[in-house]
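Have a look at the structure below, then the notes.
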There are 2 protein chains.
Amino acid sequence: MSTIAKALGLLDLFSDARPRLGLSDVQRLTGRDKATVHRHLVALEQAGFLEQDTSTRAYRLGAALTRLAGMRVRTVPEVEMLRSVIDDLSRDAGELVHVSRLQGFDLVHVHHAEEHNHPVRVSFDAYGLPPLFATASGKAYLAFAPGGLLDLALADPRTQLPGAPAPNRMEVEGELKQIAQRGYARNRDALRLGVSSVAIPLFDAASRAFATCSIAYPTGRGGKATEAHLARLLMARGEEISQALGGSVPSHIVQLWTPAQERAAS
Amino acid sequence: MSTIAKALGLLDLFSDARPRLGLSDVQRLTGRDKATVHRHLVALEQAGFLEQDTSTRAYRLGAALTRLAGMRVRTVPEVEMLRSVIDDLSRDAGELVHVSRLQGFDLVHVHHAEEHNHPVRVSFDAYGLPPLFATASGKAYLAFAPGGLLDLALADPRTQLPGAPAPNRMEVEGELKQIAQRGYARNRDALRLGVSSVAIPLFDAASRAFATCSIAYPTGRGGKATEAHLARLLMARGEEISQALGGSVPSHIVQLWTPAQERAAS
DNA sequence: CTTGTTGGTTCACATAGTGAACCGATGGAT
DNA sequence: ATCCATCGGTTCACTATGTGAACCAACAAG
């Protein structure tokens, strides 16, 4: 293992729960020699990746990180950031994966990836603006967005499928509550006949829902089991996808998305 | 020089102007051996600090940076982030340095540092809310804030010193224009008799003005020369201060703040 | 077909990293 | 006041790790 990897690995020891670490803490957590750990910490500090509190002598994440992260979001287009994660997810699921960002109440296309495993698969046009209430993505967003938004969305005619009956406010509220508890939204044949999908929200740096990721699959292919399987895949990568865009998922939702056995293991 | 420092130094080669670098680019820029550079790049990539474009094979800043940067802003209080920069600035200037954030049209105290070089120095209470138009900070903010704000600020009575004549809209506009050209705002005896100050805006991650940094000094001490000297110190650190808070200064303002001889050198 | 790029790999060599032992300071317990 | 544990940090002999000249394969322009 390269010394570079060892040193950079130290940064991963810091977390929201454990934002400040002393020399001995790091030494214990890594099992490495104190002298080694110290030299690594000093090197990271000199590069600005760590800062040392002058009074407690504890280390915390440094300013160079925000500087470089800012550079990344400015110079790397969203699509590039998403590519590898979304490709992986599409490969694992064997279905069409789709990321949209919210602009007002429009779901605008950001990126998609499709895998050609199945003979029958979902295809779609990337630039249509589907109505919020007719998609799993739209409902996933509303279920995790701040409260007031629902009324505004209901008032906007563009959020509904033309010709369809207006959604009942009580019913919708009930469904969103279910989604918030379950961790993902689902949809069967609502937007296009024969197409089902599951979706989760994505969160920005301030942990606000601002985009969504969905998997679409032919309704014919799967019953409850398929839906649950795809939803699991989606939720398992939910945090990674938000992070790829520079966001962070609120901890209670990370928990919701983490399978029970994994939670027990950690 | 430690290999860790060498590897981390590679990240600094990336910039807004040069966001993607190939192996040979990095080799040229550093003068190090190609094999060495390559191993460093791979190590950084494996840690997520770099990503390699699969088609062009060029490297760009990676997702680990945004993840860690997010952690930093969540876990490290603003005051902690500012401390070292502001302390340095206060030491260099030998005067009181002051950082405020805008909440509506209130300048709320974030952090300050005072140096005890001079026998006569400015002291102040940290928690007063000075009127926007009576301070260098307030004017620095307005001069670099989006246009519509000025009218809203003029309409708000709290932005003006009680008892003072209402500011003339044309005059104010002219002054803000001057400030925008000069790069900093100034103030003599407006808020408190015998106290002058110079101020610059601070920018957030989206490059919007959201806070200010000012240096206060006794009017008696300095004429034009002192003011210019302190303003230079302030502007020289302007980018660093914004960055400490996770923001980034628009490039045209960085230029405005960079002395002519330094610009020629780089 | 040459010539000059590019990204990447190999291996003998020496430099840079390692860790046991040590130091001084701090903070409880006794 | 003394002991003991723990803290952050340093030293130095030893060797594992990093280094760089030489070497590929692939690609593009002349």
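The values are calculated or read from the model by the stated rules, or taken from the named source; none is laboratory data. Since this is a predicted model, take the numbers as computed values, not measurements. A quick note on method: Cβ atoms are made from the backbone with ideal geometry, for glycine too, and the neighbour counts reach across all protein chains shown. We work out accessible area using only protein heavy atoms, side chains counted, and drop any ligands, DNA or RNA first. Shrake-Rupley method; radii C 1.70, N 1.55, O 1.52, S 1.80 Å.
Of all residue pairs spaced 6 or more apart or on separate chains, those with beta-carbon atoms under 6 Å, a first member in segment A:10-25 that is within 16 Å of DNA strand D (Cβ to nearest atom) and a second member that is open to solvent by 40 Å² or more (accessible area, probe 1.4 Å) and not in a loop (DSSP other than H, G, I, E, B) are A:Leu13/A:Leu29; A:Leu23/A:His38. Within segment B:181-190, does at least one residue satisfy the condition of being in a helix (DSSP H, G or I) and modelled with pLDDT of 90 or more? Yes, some residue in segment B:181-190 is in a helix (DSSP H, G or I) and modelled with pLDDT of 90 or more. Going by the conditions given, is A:Ala5 among the small types (Gly, Ala, Ser) and assigned to a loop (DSSP other than H, G, I, E, B)? Spelling it out, it is not the case that A:Ala5 is among the small types (Gly, Ala, Ser) and assigned to a loop (DSSP other than H, G, I, E, B). Among the residues making up segment B:29-55, those that are away from DNA strand C (no atom under 12 Å from the Cβ), small (Gly, Ala, Ser) and at the interface with chain A (Cβ under 10 Å from one of its Cβ atoms) are B:Ala47, B:Gly48.
Let's see how each residue does on (1) touching a strand residue (DSSP E or B) at 6+ places or on another chain (Cβ under 6 Å); (2) in a loop (DSSP other than H, G, I, E, B):
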site	(1), (2)
A:Ser196	yes, no
A:Ser207	no, yes
A:Ala211	yes, no
A:Ile215	yes, no
A:Arg221	no, yes
A:His229	no, no
A:Leu233	no, no
A:Glu239	no, no
A:Gly247	yes, yes
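Scan segment A:58-107 for residues that are part of a strand (DSSP E or B), free of Cβ contacts under 8 Å to residues at least 60 places away in the same chain and within 17 Å of the chain's Cα centre (by Cα) and report the count.
0
Every residue in segment B:8-28 that is in a loop (DSSP other than H, G, I, E, B), within 13 Å of chain A (Cβ to nearest Cβ) and not acidic (Asp, Glu), please. Talk me through it step by step, then tell me what you get.
From segment B:8-28, those in a loop (DSSP other than H, G, I, E, B) are B:12-20, B:22; that's our starting set.
With the extra rule that they be within 13 Å of chain A (Cβ to nearest Cβ), the set shrinks to B:12-20.
Scanning segment B:8-28 gives B:Leu13, B:Phe14, B:Ser15, B:Ala17, B:Arg18, B:Pro19, B:Arg20.
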